[in-house]
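The values are calculated or read from the model by the stated rules, or taken from the named source; none is laboratory data. Bear in mind the structure is a predicted one, so any value in this text is a computation, not a measurement. Every residue, glycine as well, gets a Cβ built from its backbone with ideal geometry; the counts of neighbours run over all protein chains shown.
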Amino acid sequence: MRKGEAQGLYRGRRAKASLDLDGTGKAVVATGYGFLDHMLTALARTAQMDLYAQAETGLYSTNALGEAMGLALNESLGERIGIRRYGASSVPMDEALADVALDFSGRPYLVMIGQLQSERIGDFEAQLLQPFLEAICLGARLTLHVRFYGENDHHKIESIFKALGFAIREAAIKEGTGVPSTKGVI
């Protein structure tokens with residue numbers, strides 16, 4: 001069983017997350033943002049991981065939640081022995097498309113290319129997406145590339161979360177016995 005559990009703290013805001021990479025896609029989330037809850041549910045479903053995520057509401061809560069989720073993901077991967085390591089997915093959603101590629105490299109980095117037009121999507125501030133993904137990258141020690149386009153911001157963000165779920169699922173697959181690195185260490 002590949003499970004991880006962690007707490008995040010960012011500028012006084014607390015969050016906690018636990019996940020099971022060998023789950024069935026169940027999600028129990030309470031972030032204070034209905035839209036983010038919807039996105040995390042989509043992420044858990046496409047990753048086929050069970051996700052529990054809870055955050056205090058308010059400024060910086062998404063940073064704390066991203067950190068908690070990243071740390072839980074890192075813990076669930078353990079020493080990363082036998083994993084595929086790389087994952088990529090493209091997800092269309094009506095007029096929107098997101099391409100996501102990731103590497104459980106041990107080196108956190110986010111590249112994000114695309115534009116959101118709206119300041120808010122429902123109750124969620126669009127500008128919180130990038131810091132949330134950066135916090136996941138830092139906690140999980142992963143490199144993440146995200147490219148997206150479209151007309152509807154809801155569709156753009158949802159396609160990002162779904163593509164991220166598929167990429168996590170692909171990269172976390174156990175298919176070998178060693179560390180997937182020529183250096184022998186990730």
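Being crowded, with 16+ Cβ neighbours inside 10 Å, over 20 Å from Ala6 (Cα atoms) and in contact with a Gly (Cβ under 9 Å, 6 or more places away or on another chain) narrows it down to one of Phe104, Phe124, so name that one.
Answer to the selection: Phe124.
Of the listed requirements (1) surrounded by fewer than 18 Cβ atoms within 10 Å (Cβ to Cβ); (2) in contact with an Asp or Glu (Cβ under 9 Å, 6 or more places away or on another chain); (3) under 30 Å from Leu59 (Cβ atoms), Tyr86 misses just one: (3). In region 76-186, counting only strands (runs of 3 or more DSSP E) that sit wholly within it, the ones holding 2 or more residues that are charged (D, E, K, R) and farther than 22 Å from Gly34 by Cα span 96-103. Taking (1) within 12 Å of the chain's Cα centre (by Cα); (2) within 24 Å of Arg45 (Cβ to Cβ); (3) surrounded by 16 or more Cβ atoms within 10 Å (Cβ to Cβ) in turn, Leu138 satisfies each apart from (2). Which pairs turn up if I take residues in region 49-78 that are under 20 Å from Arg11 (Cβ atoms) and look for partners that are outside any strand (DSSP E or B) and among the charged types (D, E, K, R) with beta carbon separation below 6 Å, at least 6 apart in sequence or on another chain? Here the result reads Tyr60/Arg11, each pair linking region 49-78 to a residue that is outside any strand (DSSP E or B) and among the charged types (D, E, K, R).
From the list Leu9, Leu40, pick out the single residue that is farther than 21 Å from Ile173 by Cβ, of a type in the set (A, V, I, L, M, F, W, C) and not in a strand (DSSP E or B).
Leu40
Figure legend. Inter-residue proximity from region 91-102: first residues closer than 14 Å to Leu116 by Cα, second residues of a type in the set (A, V, I, L, M) and at pLDDT 95 or above, beta-carbon distance below 8 Å, spacing 6+ or different chains. Indicated pairs: Leu97/Val91; Ala98/Val91; Ala98/Val146; Ala98/Ile160; Ala98/Ala163.
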